[in-house]
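J.: Take this structure first; my questions come after.
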Amino acid sequence: LVVDDSRVVRKAARRLLEGFGFAVREAEDGARALAACRDRLPGLVLLDWNMPVMDGLTFLRAVRAEYGAENPVVMLCTTEN
């Protein structure tokens, strides 16, 4: 699951991951990502830190509260301007 408010970043990450054979879903914020996890828990979440609606850290706390510390694997990413 690629979670980023930037459509460009999501598209680039999708292409990269699909090139390695991964099935990829996308979400534009943490709230939609949490809904996607409830629908079907991914093995990996590539997560932006700074997003509107629900930021990455809030999503991480919520997903850990629901699913525990082990799953899904979360890779938290950010950029600073």
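J.: Out of all the residues in the range 18-28, is one or more touching a strand residue (DSSP E or B) at 6+ places or on another chain (Cβ under 8 Å), touching a residue at least 24 places away in the same chain (Cβ under 8 Å), of a type in the set (Val, Ile, Thr) and surrounded by 13 or more Cβ atoms within 10 Å (Cβ to Cβ)?
T.: The answer is no; no qualifying residue exists.
J.: Restricting attention to the range 12-29, does a residue exist that is over 19 Å from Arg64 (Cα atoms), touching a Leu at 6+ places or on another chain (Cβ under 8 Å) and β-branched (Val, Ile, Thr)?
T.: Scanning the range 12-29 turns up at least one residue that is over 19 Å from Arg64 (Cα atoms), touching a Leu at 6+ places or on another chain (Cβ under 8 Å) and β-branched (Val, Ile, Thr).
J.: Sticking with this one: Loosely packed, with under 13 Cβ neighbours inside 10 Å, farther than 14 Å from Pro72 by Cα and free of Cβ contacts under 8 Å to residues at least 24 places away in the same chain: does that describe Ala12? Talk me through it step by step, then tell me what you get.
T.: Details: loosely packed, with under 13 Cβ neighbours inside 10 Å: no; farther than 14 Å from Pro72 by Cα: yes; free of Cβ contacts under 8 Å to residues at least 24 places away in the same chain: yes.
Here the answer is no, as Ala12 does not meet what is asked.
J.: Checking Ala31 against (1) in contact with a strand residue (DSSP E or B) (Cβ under 9 Å, 6 or more places away or on another chain); (2) among the hydrophobic types (A, V, I, L, M, F, W, C); (3) open to solvent by less than 50 Å² (accessible area, probe 1.4 Å), which test does it fail?
T.: For Ala31, the exception is condition (1).
J.: May I ask you to list pairs of residues, at least six apart or on different chains, whose Cβ atoms are under 7 Å apart, with the first in the range 59-81 being touching a residue at least 12 places away in the same chain (Cβ under 8 Å) and the second being among the polar types (S, T, N, Q)?
T.: Thr78/Asn50
The values are calculated or read from the model by the stated rules, or taken from the named source; none is laboratory data. Since we're looking at a predicted model, the values are computed, not measured. Cβ atoms come from the backbone with ideal geometry, glycine included; neighbour counts cover every protein chain shown. The accessibility values were calculated without ligands, DNA or RNA, using every heavy atom of the protein model including side chains. Shrake-Rupley method; radii C 1.70, N 1.55, O 1.52, S 1.80 Å.
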